[in-house]
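Asks: The structure that follows is given in the form of structure tokens.
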Amino acid sequence: MVKVGLTGNIGSGKSTVARIFEVFGAPVYHSDKRAKGFLLFPEVKNKLKNEFGDIVFAKDEIDRKKLANLVFNDKQAIAFLNSVIHPLVRKDFEDWCSRHSEEPYVVQEAAILFESGFYRFFDKTIVVSCPEEIAVKRVMKRDNATESEVKERMKNQWDQEKKKKLADFIVFNDGEQLIIPQVLQIHKGLRS
């Protein structure tokens with residue numbers, strides 16, 4: 001089984017590309033969704049409470065919006081959060097892969113695949129690329145956010161040109177090129 005990492009900067013369309021892979025029959029592990037589930041684990045709650053205090057909690061549950069606001073602007077805070085969550089995601093992904101071992105390939109969708117160093121665990125990587133101005137408009141609309149809020153979040157990600165240099169495949173989601181044929185070509189190559 002080939003393990004494929006799928007990433008792209010915020011607003012690039014990586015979730016759309018992941019859904020296309022699913023339509024083609026590929027199992028896709030959604031890292032961000034799975035990571036949110038780990039925020040419910042008592043040991044994770046305890047670690048975050050010890051580090052950040054009650055500021056990221058609402059009624060004994062982690063308030064994801066408060067947590068995001070705290071970590072997006074604090075490199076030490078985001079590093080701590082990643083040190084708690086990433087090992088859980090990596091183990092969960094490995095367990096998930098063993099349940100899909102008969103597949104020709106599996107895809108892990110992850111926002112910070114390169115930034116976290118996780119890309120080293122994959123046989124192939126895919127970067128979804130789009131112009132920053134398009135990505136900013138998408139995220140503003142999707143998250144009801146301001147341009148400055150979106151650009152601030154983008155600062156936590158590597159420049160997409162840096163990611164593209166490390167990628168095995170690039171899907172261009174610029175509104176000019178059709179993405180389904182690009183994904184289909186990658187899909188066919190991974191199945192052969």
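Rule-based calculations on the coordinates, nothing more; no lab input. Keep in mind that this is a model prediction, so the values were computed, not measured. Positions of Cβ are generated from backbone atoms using ideal geometry, with glycine treated the same way; all protein chains shown enter the neighbour counts.
Asks: Ranked by Cβ crowding within 10 angstrom, fewest neighbours first, how are LEU166, LEU40 ordered? Display every interim value, and only then the final one.
Replies: Numbers: LEU166 13, LEU40 10.
Going from sparsest to densest Cβ surroundings: LEU40, LEU166.
Asks: So which lysines can LYS151 reach, going by Cα to Cα under 25 Å and dropping same-chain residues fewer than 8 places off?
Replies: LYS14, LYS33, LYS36, LYS65, LYS66, LYS75, LYS137, LYS141, LYS162, LYS163, LYS164, LYS165
Asks: Which angle between 0 and 90 degrees, to the nearest 10, do you get for helix 14-23 versus the longest principal axis of the chain when only C-alpha atoms count?
Replies: 50 degrees
Asks: Grab the Cα-Cα distance for THR146 and GLU51, subtract it from 0.36 nm times how many residues apart they are, and report the gain in nm with one decimal.
Replies: Numbers: separation 95, 0.36 × 95 = 34.20 nm, distance 2.91 nm.
Value of the extension gain: 31.3 nm.
Asks: For ALA77 and ASP123, what is the calculated FRET efficiency with R₀ set at 35 Å and r taken between the beta-carbons, to the nearest 0.05? Show your work: numbers first, answer last.
Replies: Details: r = 32 Å, r/R0 = 0.93.
The calculated FRET efficiency here is 0.60.
Asks: By the gyration tensor of its Cα atoms, with a ≥ b ≥ c the square roots of the eigenvalues, what is the shape of region 33-192: rounded for a/c under 1.5, prolate for a/b over b/c, or oblate?
Replies: Details: a/c = 2.25, a/b = 1.32, b/c = 1.71.
Here region 33-192 falls in the oblate category.
Asks: Measure nothing fancy, just the Cα-based angle from helix 42-52's long axis to the longest principal axis of the chain, in degrees from 0 to 90, nearest 10.
Replies: Between the helix axis and the principal axis of the chain, the angle is about 60 degrees.
Asks: Among DSSP beta bridges lying fully in the chain, give the percent that are antiparallel, nearest 5. Before the final figure, lay out the partial values.
Replies: On the way: 2 of 19 bridges.
Looking only at bridges with both residues in the chain, the antiparallel portion is about 10 percent.
Asks: Based on the Cβ-Cβ distance of GLU43 and ASP92, what FRET efficiency does E = 1/(1 + (r/R0)^6) give at R0 = 22 Å, to the nearest 0.05? It would help to have the intermediate numbers written out before the result.
Replies: Numbers: r = 14 Å, r/R0 = 0.64.
For GLU43 and ASP92, the calculated efficiency is 0.95.
Asks: Report the normalised scattering of region 33-99 as log10 I(q)/I(0) at q = 0.12, 0.24, 0.25 Å⁻¹, calculated by the Debye formula with identical scatterers on the alpha carbons.
Replies: Calculated log10 I(q)/I(0) at the listed q: -0.31, -1.07, -1.14.
Asks: In deg cm²/dmol, rounded to 500, what helix-only [θ] at 222 nm does the chain give when every DSSP H run of at least 4 residues adds -39500 (n - 2.57) and the total is split over its residues? The partial results should precede the final answer.
Replies: Details: 9 runs with 103 residues, N = 192.
Helix contribution divided over all residues of the chain: -16500 deg cm²/dmol.
Asks: Continuing with this model, one more query. Tilt of helix 75-99 relative to the longest C-alpha principal axis of the chain, in degrees (0 to 90, nearest 10)?
Replies: Computed tilt is about 50 degrees.
Asks: To the nearest Å, what is the center-to-center distance of region 1-77 and region 129-152, using C-alpha atoms only?
Replies: Cα centres, region 1-77 to region 129-152: 19 Å.
Asks: Shifting gears a bit: Would you mind calculating the gained length between ARG19 and ASN156 on full extension (0.36 nm times residue separation, minus the Cα-Cα distance), in nm to one decimal? Can you show the working numbers first?
Replies: Numbers: separation 137, 0.36 × 137 = 49.32 nm, distance 2.46 nm.
Stretched out fully, the ARG19 to ASN156 stretch lengthens by 46.9 nm.
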